[in-house]
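The values are calculated or read from the model by the stated rules, or taken from the named source; none is laboratory data. It should be emphasised that the depicted structure is a prediction, and the values quoted were computed from it without experimental measurement. Here Cβ is always computed from backbone atoms with ideal geometry, including for glycine, and neighbour counts include all displayed protein chains.
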Amino acid sequence: MNILLVVILGLLSGAVINYLADVLPVQRKLATPTCTACGAPFKVQNYLSFTPCQSCHAKRSWRSYFVLVASLMVAVSLWTWPPAIGFWLSMLILTYFGVVAVIDIEHRLIMHMVSLAGAVLFAVVGTILHGWWTTLLGGLVSGGIMLIFYLVGTLFAKYRAKKLGVDDDEEALGFGDVTISAVLGLLLGWPNIMLALVIGILLGGLFSLAMIIGLSIMRRYDAMNVFTAYGPFLLIGSVMMLFFREQVLHLFFG
């Protein structure tokens, strides 16, 4: 494959991630992207060229540039070191992961429409890679485990609301984490999804611990107001099992 095509595909992947992350959380559908500062719609050429808003002159967020560069680097890496599942499928999967991660980081939200699209996509991909039974079992087990965590988290949310005297709808673990876990289970299948969940939960826990330590040092720690977006960590665990499975198995089992 020509390197120029790889670069174009990387930039296209970044543009798709940016577009979906800009419009879906705000408009809940595919629509014209709007300025986050004033809500004015972007013209296509202005949006794609990263020019400031024509109405309020607000600059584009740093995330737009970061995603574009990161997507380009991912594409070149996949081309340089081709994974076992191939370049094209890898780009498709990682573009989807990028959409989920960016929306969750910025809005602490994993949208049901995004999870549904992933379920359809990965049910097909998982069946091709592992067979239908392994795919289905991975989705059911993964979703079931995270559903248990979610139910425990709702109990904590009720306790928190009681202590604070107000219900602000914050959750220790959102239902979107349950749905995306089931989606990842379809992709990885059983039992690969189990290690992906372990890695994701461990990384999320370490991040939360680091955040607690940092807030404590700054004397801003409040146990009732420390929440972590777990979606990106679950995605990292899935990436590890999808592209570095042998190394992960060696790390855990020797």
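Results, tabulated for the structure shown:
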item	result
Every residue from the range 194-216 that is of a type outside the set (A, V, I, L, M) and either under 16 Å from ALA101 (Cβ atoms) or in contact (Cβ under 8 Å) with a residue 24 or more places away in the chain (or both)	GLY200, GLY204, PHE207
Single residue of the range 9-66 satisfying the filter (of a type in the set (Val, Ile, Thr) and part of a helix (DSSP H, G or I)) that is surrounded by the fewest Cβ atoms within 10 Å (Cβ to Cβ)	VAL44
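Let's see how each residue does on (1) at pLDDT below 95; (2) part of a helix (DSSP H, G or I); (3) surrounded by 15 or more Cβ atoms within 10 Å (Cβ to Cβ); (4) within 13 Å of the chain's Cα centre (by Cα):
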{"residue": "ALA101", "(1), (2), (3), (4)": "no, yes, yes, yes"}
{"residue": "ILE145", "(1), (2), (3), (4)": "yes, yes, yes, no"}
{"residue": "LYS162", "(1), (2), (3), (4)": "yes, yes, no, no"}
{"residue": "LEU184", "(1), (2), (3), (4)": "no, yes, yes, yes"}
